[in-house]
Every structure is written in C-alpha cells, then in structure tokens.
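Notes follow once the structure below has been shown.
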Amino acid sequence: MPQIDWQPIVIKDNEGGTQPGTLHVTVYSPRERIVRAAKAWAVCWVLALLALPIIGLHWILVPALTFAGVLLGYQRYRTASSSNKVEGRCPVCHGTIEITLESAEHPPLWKYCPACNAPFSIETSTQEMAAI
Ligand SMILES: [Zn+2]
C-alpha cells in the first residue's frame with residue numbers, strides 16, 4: 001500500500017509575500033515501485049500479444065507496444081513519489097487554495113491562484129532555507 005505523505009511548502013508571490021502550505025505526495029517503497037513497473041510492462045506486452053493477429057497494424061503495434069513496455073516499466077520504477085495536491089493560502093488574496101498536481105510535478109512550480117488568478121511559486125521549505 002503506497003504511503004500518503006505531506007511536506008511543508010512555501011507559496012511566494014512576485015512581491016515577496018509568502019504563505020505556508022502543504023504538498024501531499026504518494027511515496028512508493030522499493031517493492032511497490034517494482035510491482036508498479038511490472039504491471040505497466042505486463043499490460044504493454046499483453047496488448048502487444050493481442051495486436052499480433054491484427055493484419056497490417058501488427059507491424060506497427062507489436063514493436064511499439066514491446067518498446068513502450070520497457071520504457072513505461074523503467075519510468076514507473078524510477079518514480080519514487082508522485083505529487084497529489086497543494087493546499088495553502090494565496091499570498092495575494094489570502095483565500096484558501098487547493099491545486100491538484102500532475103503526478104510528475106514537483107516543486108519548484110509556478111501556478112496561478114484559482115480565485116484571483118495571481119501567479120505564485122511553490123517551493124519546498126528546504127529550498128526556501130537554501131535561498132537565504
Ligand atoms: Zn489569490
């Protein structure tokens with residue numbers, strides 16, 4: 001079972017205003033990473049096998065899905081954690097924000113406030129400390 005974790009982040013606007021926030025991430029153990037990689041790899045190769053009897057298309061689908069299985073498996077294995085969402089307060093309008101992230105998105109990020117459309121950066125607290 002993947003572990004849901006959170007990290008403190010800092011939400012900064014262009015004028016230097018900051019607000020604390022929380023980044024929710026899913027953390028995968030080494031065993032879960034192997035299982036996820038094997039599943040992605042297996043799905044691609046099963047689809048490649050299913051594409052074998054399709055006349056004409058099998059010349060494209062079988063090599064592409066075979067190659068995609070290896071690539072997806074490797075990519076899944078390398079993914080140690082995936083981002084879920086960011087929660088916090090907008091440094092401009094001070095409204096509560098909750099932004100859903102793509103799994104591959106990691107701070108530092110640039111996003112827009114859903115309420116006032118102001119741009120802001122999302123950085124981890126350790127990045128904030130390193131900049132000082
Ligand atoms: Zn705002």
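Odds and ends about this structure:
- The residue of the stretch 80-100 that is nearest to the ligand (Cβ to nearest atom), among those that are under 30 Å from residue 39 (Cα atoms) and either in contact (Cβ under 8 Å) with a residue 60 or more places away in the chain or exposed (fewer than 15 other Cβ atoms within 10 Å of the Cβ) (or both), is 86.
Per-residue answers, yes or no, for (1) within 30 Å of residue 123 (Cβ to Cβ); (2) open to solvent by 80 Å² or more (accessible area, probe 1.4 Å); (3) modelled with pLDDT of 95 or more; (4) out of contact with any Phe, Trp or Tyr (no Cβ under 6 Å at 6 or more places or on another chain):
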| position | (1), (2), (3), (4) |
| --- | --- |
| 13 | yes, no, no, no |
| 27 | yes, no, no, yes |
| 42 | no, no, yes, yes |
| 58 | no, no, no, yes |
| 71 | no, yes, yes, yes |
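- Looking at 104, 118, just one residue is assigned by TED's automatic domain parsing to the domain that holds residue 24, out of contact with any Gly (no Cβ under 8 Å at 6 or more places or on another chain) and over 22 Å from residue 17 (Cβ atoms), and that residue is 104.
- Summed over the stretch 107-119, residues that are in a strand (DSSP E or B) and over 19 Å from the mean Cα position of the chain (by Cα) total 1.
- When the stretch 15-25 is filtered for residues that are open to solvent by 90 Å² or more (accessible area, probe 1.4 Å) and out of contact with any Lys or Arg (no Cβ under 9 Å at 6 or more places or on another chain), only 15 remains.
- Single residue of the stretch 44-56 satisfying the filter (open to solvent by less than 60 Å² (accessible area, probe 1.4 Å) and in a helix (DSSP H, G or I)) that is farthest from residue 5 (Cα to Cα): 51
- Residue match in the stretch 101-108 (condition: surrounded by 16 or more Cβ atoms within 10 Å (Cβ to Cβ) and either within 16 Å of the ligand (Cβ to nearest atom) or at pLDDT 95 or above (or both)): no
The values are calculated or read from the model by the stated rules, or taken from the named source; none is laboratory data. Computed from a predicted model, the values in this text were never measured in an experiment. Ideal geometry is used to build each Cβ from the backbone, glycine not excepted, and the neighbour counts take in all protein chains shown. Just so you know, the surface numbers come from the protein's heavy atoms only, side chains and all, with ligands and any DNA or RNA stripped out. Shrake-Rupley method; radii C 1.70, N 1.55, O 1.52, S 1.80 Å.
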